[in-house]
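One structure is given here, and the rest of the page talks about it.
FYI, it's all coordinate maths here, none of it is from the lab. Keep in mind that what you see is a predicted model, and the values were worked out from it rather than measured. With ideal geometry, Cβ positions are generated from the backbone for all residues, glycine too; neighbour counts draw on all protein chains shown.
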Amino acid sequence: MKQMQGLDAAFVAFEQQNAPVHIGSILIYDPSTAQGGFVRFKDILHFIKGRLHMAPIMRQRMVKVPFGIDYPYWIEDPKFDLEYHIRHVALPKPGDWRQLCILAARNFARPLDLDRPPWEFLVVEGLDNVEGVPKGAYAILTKVHHAAIDGVSGVDIMHALHNMTPEVDDIPKPDPWKPERMPGQLGMFARGYVRGFTNPLRQASTAVKSMPGMARAAKGLMDGDFNITGALNTPRTRFNNQVSPHRVIDGVTFSLSEVKALRALAQGSTVNDVVLSVIGGAMRGYLKTHGDLPEDSLSAMAPISVRDDSEKNAMGNQVSAMRVALGTHIEDAADRITYVHGETQKSKAMTKALGARQMTEMSKLSPALFMGLGARAYSQWGLANRMKPVFNTVVTNVPGPPVPIYSAGAKLVCLYGNLCLLDGVGLGHVVHSYIDEITIGVTACREAMPDPENYMQHLQNSYDAHLEALEEHNTEAA
């Protein structure tokens, strides 16, 4: 039995019926690479069963402390049933991308059962008319509670459930896994009660350790290296209200080599700067179309992994975050990426001054009882509709493998990430790289974005505008 840390417990506390806190992906596979040229559902079950020991979270469930007086615990589920977590459906004809996205959105909107290991896979056959995907392909829609993984540990699960070649190895050794007995509620309450007395000591110790970072941040503000004015003046958009229980999911694909080439538009810029500028252009176009574009720049929250080598394959979240401006007030793509790069540098400087790791450690000391009460009050009182947002959307970048990977012999063709939404944050972007492509997976509240195909077109238009700006830049340089 292992206790959750603060940020993991926060994701449990934030769980609401209208806003389930899980993340996931759409994984599309080509079964022609498998032995015999096809993959049966039982082949997928057998393949995953043989690798469960490589992804411990898949057989662990959470146990909450009575009255929420302390953080929940993880235990090895004594009633684990693989076939509950992996299910099987088929798309009706014509089996196109729109149908897959609608199914993914409906599946993703449904909360996980937190009395079981918090994950589900839905195998979807019948993808016969998806552009760029071979006929006969199938998809796996994944859902994993955010308390269990962050972006980096999610990649570790991906690695555990895939091979580097289409050959399917036999189960390497007897599975060492052993279930645990469910702990008694009285003992859990007593343990939480005792920890409540020692928590102030841990808080004081961490506060002392954070003082140098606070001093560096104060000096940076005084010297003008960065400022917090933008965070205080974040405009409200249609995406910054209480979210509905309904979701839309979609995604676009771009060339990785082209995205890297676009870095030339702003000296010193990164792939992440390019993607942020493209998203800024898309949000500008979409909101302008709906007559809802603020004069000030919108901003995004960008998670930052602080996981070190010793925490590889570890459960939970080891992340901090920074706030980055998207330049939505700038029409020209080249000017926007220059602005985004400059603002990102300021945000990185502030995060470095505070200490990203220390920010994460501070999150581990929030009192569990107040955390849960605060999360419920925020949702039930609709405070997202009244409070000024600190950021408008989330953009998380998750690097994928640069070479093909295989599951049950089937080649992974492409992947799109799905992000949980919270009240006040009704739009999220997951940026994935895989081989020679970059995908932007979009998850949104259906009330805020009833027309996801419109937003996808604005993402494409913004990307094309950046390519046109690069062509002009190269012509002028020649």
Report the relative contact order of the stretch 375-478, percent, no decimals, based on alpha-carbon pairs under 8 angstrom and at least 6 residues apart.
-> 22 percent
One would report the antiparallel percent of DSSP beta bridges in the stretch 11-128, rounded to the nearest 5, as 50 percent
Ranked from fewest to most other Cβ atoms within 10 Å of their own Cβ, Asp335, Asp8 fall in the order Asp335, Asp8
Given Lys260/Lys348; Lys93/Lys260; Lys143/Lys346, which pairs have Cα atoms separated by over 30 Å?
-> Lys93/Lys260; Lys143/Lys346
Arg191 paired with Asn454, simple spin-label distance in nm, labels 7 Å along Cα-to-beta-carbon = 5.1 nm
Can you sort Val130, Val324, Val278 so the residue with the fewest Cβ neighbours within 10 Å comes first?
-> Val130, Val324, Val278
Once a ≥ b ≥ c are taken as the square roots of the eigenvalues of the Cα gyration tensor of the stretch 45-160, is the result rounded (a/c under 1.5), prolate (a/b larger than b/c) or oblate (a/b not larger than b/c)?
-> prolate
Relative intensity, log₁₀ I(q)/I(0), of the stretch 402-469 from a Debye sum that treats every alpha carbon as a point, q = 0.14, 0.23, 0.27 Å⁻¹ = -0.58, -1.05, -1.17
Net length gained if the chain between Arg181 and Asp128 were fully extended (0.36 nm per residue, minus Cα distance) = 14.5 nm
At R0 = 41 Å, FRET efficiency that the Cβ-Cβ distance of Phe67 and Glu447 yields, to 0.05 = 0.75
Exposure proxy check: Met58, Met164 ranked by fewest other beta carbons within 10 Å?
-> Met164, Met58
Which ³J(HN,Hα) values, rounded to whole Hz and listed in residue order, are derived for the stretch 259-275 from phi using the Karplus coefficients 6.51, -1.76 and 1.60 in 6.51 cos²θ - 1.76 cosθ + 1.60 with θ = phi - 60°, glycine and proline given as x?
-> 4, 5, 5, 5, 4, 5, 5, 9, 4, x, 6, 10, 4, 5, 4, 4, 5
Taking a crude spin-label model, label points 7 Å out from Cα along the C-beta direction, the Asp464 to Thr253 distance in nm is 1.9 nm
Could you run the Karplus curve 6.51 cos²θ - 1.76 cosθ + 1.60 with θ = phi - 60° over the stretch 40-45 and give me ³J(HN,Hα) per residue in whole Hz, x for Gly and Pro?
-> 8, 4, 5, 5, 5, 4
Give the percent of DSSP beta bridges with both residues in the stretch 395-468 that are antiparallel, rounded to the nearest 5.
-> 75 percent
